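Below is one structure, written out as structure tokens, with a few remarks after it.
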Amino acid sequence: VAGGAIRGLVRGKVVRLMLIQIQQLKADLLQAMDQIDNLVDANRLNVQLVASIPAVLILIFGSRALYLFWSNIRMKDLRLPKDVHADMSDYLKKVEECLILSNYELDGTFSSTSAATTVDDSAKPAESTRSVKWEGARASACLGPKEMGQLLVLLHSYLNLLDYMSPPFPSKQCDSIHRSVQNLLMQGQMSTARQLELLRVIQSKHTELLKSL
């Protein structure tokens, strides 16, 4: 009986069923692995895109850091671009102050003339005419050699910082500021009033430089 049972276990249906079950498990495993391979192949592009995002971020921030480091080496200064931008703003404010104070003699002349003249009803038309002439003279007044020299020194310091900060400042915006500064320095061809208007345009362009950082 024992021999028959062992013989039935080895040569009987149990072994045959076990072999069939193993083959079925093997076939299911191969089929699952094949589906996994197809899924990986179908999503290969998405996986590559996801993997490239960190590389793109590293490239962008690394290039910015390199630009900042290179500009600081050129300037032999480890200040931040915002600090340099603030110094450039101070130069533009000094230029504005120089333009405003350039024709203070006209203000003094008009004030002394007004103080020396007693204005009554008959003198009001003459006073109004003098005021109109004074406003016209003030609007058409140009910088003298001394004021132009001060203006050149301030703008030269400003442009030095602008050149050293390009990059990280965009070269297109820097070139636009250069052209505006050249127009500002047309001695004898532009009144101080128009120079002040042009200076406000330069100041607005200067403010936009920080948006690129």
Helices (runs of 4 or more DSSP H) lying entirely in segment 106-202 (those with 2 or more residues that are at pLDDT below 85 and more than 30 Å from S212 (Cβ to Cβ)): 124-140, 145-164
Index of the failed condition, A65 passing every other in (1) at pLDDT 85 or above; (2) open to solvent by less than 90 Å² (accessible area, probe 1.4 Å); (3) under 20 Å from the mean Cα position of the chain (by Cα); (4) among the aliphatic types (A, V, I, L, M): (1)
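The values are calculated or read from the model by the stated rules, or taken from the named source; none is laboratory data. A quick note: this is a predicted structure, and the numbers were derived from the prediction, not measured. Using ideal geometry, Cβ is built from the backbone for each residue, glycine included, and neighbour counts are taken over all protein chains shown. Heavy atoms of the whole protein, side chains included, go into the accessibility calculation; ligands, DNA and RNA do not. Shrake-Rupley method; radii C 1.70, N 1.55, O 1.52, S 1.80 Å.
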